[in-house]
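The values are calculated or read from the model by the stated rules, or taken from the named source; none is laboratory data. Just so it is clear, the model here is predicted, and its values are computed rather than measured. In this analysis, Cβ positions are derived from the backbone assuming ideal geometry, glycine residues included, and neighbour counts consider all displayed protein chains. Please note that ligands, DNA and RNA were not included when accessible areas were found on the heavy atoms of the full protein model with its side chains. Shrake-Rupley method; radii C 1.70, N 1.55, O 1.52, S 1.80 Å.
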Number of protein chains: 2
Amino acid sequence: MTQTVQRVKPHRGASAARPVGLGIIGVGTVGTGTIKVLQEHGLEIERRLGCRLQLKMICSRNIHNKDLSWIKSKVALTSDWKEVIRNPEVDIVVELVGKLPTARAIAFATVNAGKHLVTANKQLVAEHGLELVGRSLEKGVKLGIEACVAGGTPILHAIRSGLAGESFAAVYGILNGTTNYILTEMEHRGVSFAEALAGAQQLGYAEPDPTFDVEGFDARYKIAILTMVCFGQAVPVEEIPVEGITRIEQVDFAYAHRLNRTIRLIAAARKQRGNNLDIQVRPMIIPQSSQLASVRGSTNGILLVGNKGGTTTLTGRGAGGEPTGVAVLSDVVEIARMITAGGTGSTPLGYSEWHKKKIGQPSVELVSYYLRLVVRDRPGILARVCATLGRHRINIDSVLQEPGMPREHLPFVMTLEPTGDARMKRAFREIARFPFLVQPPLLLPSVDLP
Amino acid sequence: MTQTVQRVKPHRGASAARPVGLGIIGVGTVGTGTIKVLQEHGLEIERRLGCRLQLKMICSRNIHNKDLSWIKSKVALTSDWKEVIRNPEVDIVVELVGKLPTARAIAFATVNAGKHLVTANKQLVAEHGLELVGRSLEKGVKLGIEACVAGGTPILHAIRSGLAGESFAAVYGILNGTTNYILTEMEHRGVSFAEALAGAQQLGYAEPDPTFDVEGFDARYKIAILTMVCFGQAVPVEEIPVEGITRIEQVDFAYAHRLNRTIRLIAAARKQRGNNLDIQVRPMIIPQSSQLASVRGSTNGILLVGNKGGTTTLTGRGAGGEPTGVAVLSDVVEIARMITAGGTGSTPLGYSEWHKKKIGQPSVELVSYYLRLVVRDRPGILARVCATLGRHRINIDSVLQEPGMPREHLPFVMTLEPTGDARMKRAFREIARFPFLVQPPLLLPSVDLP
């Protein structure tokens, strides 16, 4: 095989030979992954960049107790993050500390010092993203946030750059690997939520306290960021309705399969009439044939519905040190490219202005629902539920009951024709008070994803 | 719903208020789609940009015979593309003429005139991409090529920016909507190749002369571009082995399904030992469970195998005026952002240096094969084929024969254990000479895509 190399000449005014210096604060899973990827892909990255990229300083609170002997390059160590920002050889500060107060302090100190910032902190970006972008533009520095959503999947770049000419009708995401692992284990291996969770904890996919993941809070930060990037709308994270997966049972998969559907924890932001956004994180009943139904295990997947370009999906690794490290370094490469090319400014959130919205108005779209009731079997129950739904003018599409269920704990499911959110809530409150229920009813939206 | 708007202040040194002027050359399907998307998404795009984007001039050879009354903005018309480049109000030239000699002339004239260029011409970029990038860097202008591969799917941005920190082991793509439509029609509706092709032609998915699509040439240009962006290696397009789908029959889907597999036209570039690349376009037998198997109809899909971030897939619209228009405008937005932010240079192919390689060395990897023979049924045929394979030390994994086939035209299939490319070719040449064959044998690689 013959081979020649063509080097592109540095263009006018650029200082292509200047090495770009990197400082990393935080050496946990993602920090370690980032350093490892940089170590192994360094040459490839430099071929992309046309300049050298050098890791200059690493900071960790307990840096001197860490075994960093696997790091091959000569790099300064510190336990004081301010030293990283002060280091004149550091052009880009990579913030990977995890905890919000410290992350926020590092982020603003970095930007205020006129240095470029890459962060993997979703909470920081979801809650302080606009302020951070504003400050970075004032200071003429760049921000990288790709690692905040769906780790190794380049979703934010894809939306912000590759689909910058699109306007979106909706975005649907499987944004939390832990819950998707649990749900797909329940689905394909027939285990209970508790068993699947225990398995996820053994594999390191779930924390000892899994609340942040299984109750949907992690996905909520991510959909808040996707909403900013897709729609240019900033919403207060805590106002986004969220519901976790702890109430999903085997029987729900059995019923969903009878409907040619399955269950996934979906983070969704949909444009409605009047440019209102309907944003929520909750388990949804989706078609087996939809692209997101085939996203299994700890994989993440995002489905973008464009007004002109049709439907685009991305799937990939959502977490893990090295996949997230790839995302961090991709931002570093982007910023290093801009450093060598000159120029200022950055719109990592995709827009130059945002509408700050409060959520609160109920959705005006009609939605189909899946209602699961667990009752003590006695005559007349179905009639009473039907009467209540009828009084709220909600039509029943089908009633499903698996054979051979115990009479004292009898789960059955009703699928309901499309109805308004407010009306459904009123009917649901009434039904939830019925004395014959063995446990609170479960209501899931049934959504026709492509 | 309360709403406030936060505008990000223009940063130091940027001229955020300056409108960016656009000229479009070529008003066919993609040109029309681009203008329509711009017309409808203009406000959204300007919110992203923070500056105005104005269509200043449109060029078409027969501009004065075209009905352009649907264009709402005031725009100059010309039938001479040189006028677009000369127009001082045009900052970005969008080249959408299709034919190579003209496209090439426009592209180089644009760059030489110091103007930014966006093109959807895959042949131009596959054959002259390096030269064009080199010239654009000399001239300090940007290039946009997103529309060249998989229309509305932001694959090039995703690789170049969002996965810039990755190094890839392989890329597999369904890059031609026409052939994927034909194959999935054959698979799901049981029609013949000819019937599926006729249907595709009726729907406008296939040209009256479908050679360029069905023989794989279109996909070959696209995999050449993906190879540049993924691996930084430029290869002569005509050296990439290509095989079309015209020989695929219903019976092949029947056999593939028995193996829990299906058939897709896959454009693949894989890194092998010694950094050699194995690049090819051909129908492959892939697992039903793989992500690309679920890419149906005229949709495109790309599967990226990273060394650190795992597997990432993108699916979306591959062609069509408006999806491709979205890709064109996404490049326009990127370039307009850089214009307003200052700075020079551009690496649309993802690298600052490329290895120019000649292909020619046979693949050293072992590959499993699917071998379909159509014979006149007579005793001893299987023994002779087995003996030939055995002499070349190729092991047989299974022999499949559907019941009820006609004896005069009996198709049967052998699946072969992994074997080297050169050895397989030698055995295949011998088998192809057997007199009892009713038609030439069909050999497809069977690839275990994730």
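Rolled with a 1.4 Å probe across the full set of protein chains, the surface gives residue A:409 an accessible area near 70 Å². Buried accessible surface for the A/B pair, both sides summed and rounded to the nearest 100, is 7800 Å² with a 1.4 Å probe.
Once the gyration tensor of the Cα atoms in chain A is diagonalised, the equivalent ellipsoid follows with semi-axes of 46, 23, 19 Å, ordered largest first. With θ taken as phi - 60° and the Karplus curve 6.51 cos²θ - 1.76 cosθ + 1.60 applied, the whole-hertz 3J(HN,Hα) list for segment B:162-167 is x, 10, 4, x, 8, 10 Hz, x standing for glycine and proline.
Take the alpha-carbon centre of segment A:176-231, take the same for segment B:164-186, and report the distance between them in whole Å. Spelled out, the Cα-based centre of one part sits 30 Å from the other. Between residue A:438 and residue A:365, the modelled labels are 3.5 nm apart [label points 7 Å from Cα along Cα→Cβ].
Based on the reciprocal of the average 1/r between different C-alpha atoms, the Kirkwood radius for segment B:328-450 equals 18.4 Å. When all alpha carbon pairs of the protein assembly as shown are counted in 20 Å bins from zero, the resulting P(r) reads 14, 44, 34, 8, 0 %. The other copies place their residue A:401 label points at 5.4 nm from this one, listed shortest first, where each point is 7 Å from Cα along Cα→Cβ.
Across the identical copies, the label point of residue A:201 (7 Å from Cα in the Cβ direction) is separated from its matches by 6.4 nm, in order from shortest. The accessible area of residue B:127, taken with all protein chains in place and a 1.4 Å probe, comes to roughly 80 Å².
Summarising the label geometry, the points placed 7 Å from Cα in the beta-carbon direction at residue B:250 and residue A:275 lie 5.5 nm from one another. Would you look at the GNM of chain B, springs on alpha carbons closer than 10 Å, and say which of B:226, B:175, B:382 moves the most? Looking only at B:226, B:175, B:382, the largest GNM fluctuation is found for B:382. Pairs exceeding 29 Å between alpha-carbon atoms, taken from B:99/B:308; A:139/A:357; B:99/B:356; B:74/B:222: B:99/B:308; B:74/B:222. Bridges between two residues of the protein assembly as shown, per DSSP, are antiparallel at a rate of about 70%.
DSSP beta bridges fully contained in chain A are about 65 percent antiparallel. Take every Cα pair under 8 Å whose residues are at least 6 apart in sequence, average their separation, divide by the length of chain B, and the relative contact order is 17 percent. Per residue, the protein assembly as shown exposes 38 Å² of solvent-accessible protein surface, assessed with a 1.4 angstrom probe and all protein chains in place.
Quantify how much of the Cα-Cα distance distribution of segment B:155-317 extends past 27 Å, in percent. The share of Cα pairs beyond 27 Å in segment B:155-317 comes to 23 percent.
Here residue B:425 yields copy-to-copy label distances, from shortest upward, of 6.8 nm, the label point defined as 7 Å from Cα along Cα to C-beta.
Applying a length cut-off of 18 Å (Cα extent along the axis) and a mean Kyte-Doolittle floor of 0.5 to the DSSP H helices of chain B leaves B:217-231, B:321-341. Considering every alpha-carbon pair of segment B:356-428, the percent of pairs per 5 Å bin, from zero through the bin containing the longest distance, is 3, 14, 24, 21, 14, 10, 6, 4, 2, 1, 0. Amide H to amide H, with H built 1.01 Å from N, residue A:144 comes under 5 Å of A:117, A:118, A:119, counting only residues 5 or more places away or on other chains.
Estimated from the Cβ-Cβ distance and a Förster radius of 30 angstrom, the FRET efficiency linking residue A:64 and residue A:100 is about 0.75. When the solvent-accessible area of the protein assembly as shown is split by element, carbon and sulfur atoms take up 49 percent of it, the probe being 1.4 Å.
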